[in-house]
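Visitor: Questions regarding the structure given below will be posed in turn.
The values are calculated or read from the model by the stated rules, or taken from the named source; none is laboratory data. A quick note: this is a predicted structure, and the numbers were derived from the prediction, not measured. Here the Cβ positions follow ideal geometry from the backbone for every residue, glycine too, while neighbour counts run over all protein chains shown. Accessible surface is based on the protein model in full, side chains and every heavy atom, while ligands, DNA and RNA are left aside. Shrake-Rupley method; radii C 1.70, N 1.55, O 1.52, S 1.80 Å.
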Amino acid sequence: MVWTPAQTRLFLEEAQRHRLFALYRLIALRGLRRGEACGLRWKEVNLDAQTITINWQLVQLAGQVHEGTPKTDASVRIIALDAETATTLRAHRQRQLAERLATGEAWKDTGFVFTQPHGDRLHPQHVTDQFLWLAYLAGLPPVRLHDLRHGAASLMLAAGVEMKVVQETLGHTSSSFTADTYTSVFPEVAMAAAEKTAALLLAEEEDREEPGEVIPLRA
């Protein structure tokens, strides 16, 4: 189950007040896995170029947090950011610097983009718990945090993004896997493509017609 675009927008409006808002926005729009978002470091963020590089992830095993490489070779990737997400990350960095100043010598300089208030790395389960709480506050139907990643893929496909680009953004090993996973989105995408094609043809026909001209019909 994935949220509609309107529901995702409502969630982000609720999450905007949370200190991990930028993390949830990355998952909702760019489809990061939970571990990839938790494992992102500032040295892998280029806000001028509006890109992030996925090299690491934090995973939870038997209640313990471990750092490791992404799931597959395809998961190591560069992801483009929209301008608003880049602005959100800049604001997040300023808040993190303020937390660092307030913490003083007790600050743990881990280099992670998303941290606890004292700078230590996040626990992935905490990210999930906060997500569920924010969804509840927003009055939204319950979904898994991972479904937010699925929603990002659905949004990209509905926006007409090419399958290959969606595959590379999500870090899938092949576009066929992406296609098989999001088959349920295809009817909506196909319908949108049909409407766009018809609208383009109609626009060209209107450009060729004179105002008020009667077009003769032929059998």
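Visitor: What spacing in nm lies between the two simple spin-label points modelled at LEU101 and SER174, each 7 Å away from Cα in the Cβ direction?
Guide: 5.3
Visitor: While we're on this one: Hey, can you grab everything whose amide H is under 5 Å from the amide H of THR51? Only 5+ residues off in sequence or another chain; H modelled, so Pro and N-termini drop out.
Guide: Amide H to amide H, under 5 Å and 5 or more residues apart or across chains, THR51 pairs with ASN46, LEU81.
Visitor: Hey, another quick one. Would you list the membrane-span-like helices of the chain, meaning whole DSSP H runs whose alpha-carbon atoms span at least 18 Å along their axis and whose mean Kyte-Doolittle value is at least 0.0?
Guide: Numbers: long enough: 83-103 (30 Å, -0.84); 124-137 (20 Å, 0.14); 145-158 (20 Å, 0.49); 186-208 (33 Å, 0.05).
Qualifying helices, which must be both long enough and hydrophobic enough, are 124-137, 145-158, 186-208.
Visitor: Further, regarding this structure: Rounded to the nearest 10 Å², what accessible area does ASP73 have for a 1.4 Å probe in the complete protein model?
Guide: Taking all protein chains as shown, ASP73 has close to 140 Å².
Visitor: While we're here: Quick one: plug the Kirkwood hydrodynamic radius of the chain (C-alpha pairs) into Stokes-Einstein at 25 °C, 0.890 mPa s, and report D in µm²/s.
Guide: Numbers: Rh = 19.4 Å.
The Stokes-Einstein estimate is 126 µm²/s.
Visitor: Heads up, I need the accessible area for HIS118: 1.4 angstrom probe, whole protein in place, Å², nearest 10.
Guide: 60
Visitor: Still on this structure: Can you spot the lysines whose alpha carbon is less than 24 Å from LYS108's alpha carbon? Ignore those fewer than 8 places along the same chain.
Guide: LYS43
Visitor: May I ask you to give the solvent-accessible area per residue for the chain, in square angstrom, as obtained with a 1.4 angstrom probe? Provide the component values of the computation, followed by the final result.
Guide: Details: 12400 Å² over 219 residues.
Per residue, the chain has 57 Å² of solvent-accessible surface.
Visitor: When the chain is modelled as a GNM with alpha-carbon springs shorter than 10 Å, which of PHE177, PHE112, PHE11 fluctuates the most?
Guide: Looking only at PHE177, PHE112, PHE11, the largest GNM fluctuation is found for PHE177.
Visitor: Show me the ranking of peptides 36-44, 92-100 by mean Cβ neighbours inside 10 Å, starting with the highest. Please report the intermediate quantities before stating the final value.
Guide: Values: 36-44: 20.8, 92-100: 14.2.
Order by mean packing, descending: 36-44, 92-100.
Visitor: How about LYS164: which lysines have a C-alpha closer than 20 Å to its C-alpha, ignoring those fewer than 8 places off in the same chain?
Guide: Result set, ordered by chain and number: LYS71.
Visitor: Can you send over the carbon and sulfur percentage of the accessible area for the chain, probe radius 1.4 Å, protein chains only? Walk me through the numbers before you get to the answer.
Guide: Details: 6990 of 12400 Å².
Looking at the chain in its full context, I get 56 percent from C and S.
Visitor: Now, a different point. Using a 1.4 Å probe and counting only protein heavy atoms, arrange TRP56, TRP133 so the residue with the most accessible area comes first.
Guide: Most to least solvent-accessible, the answer reads TRP133, TRP56.
Visitor: I need to check one value: relative contact order of the chain, counting alpha carbon pairs closer than 8 Å and at least 6 residues apart, in percent.
Guide: Working: 266 pairs, mean separation 52.8, N = 219.
It comes to 24 percent, rounded to a whole number.
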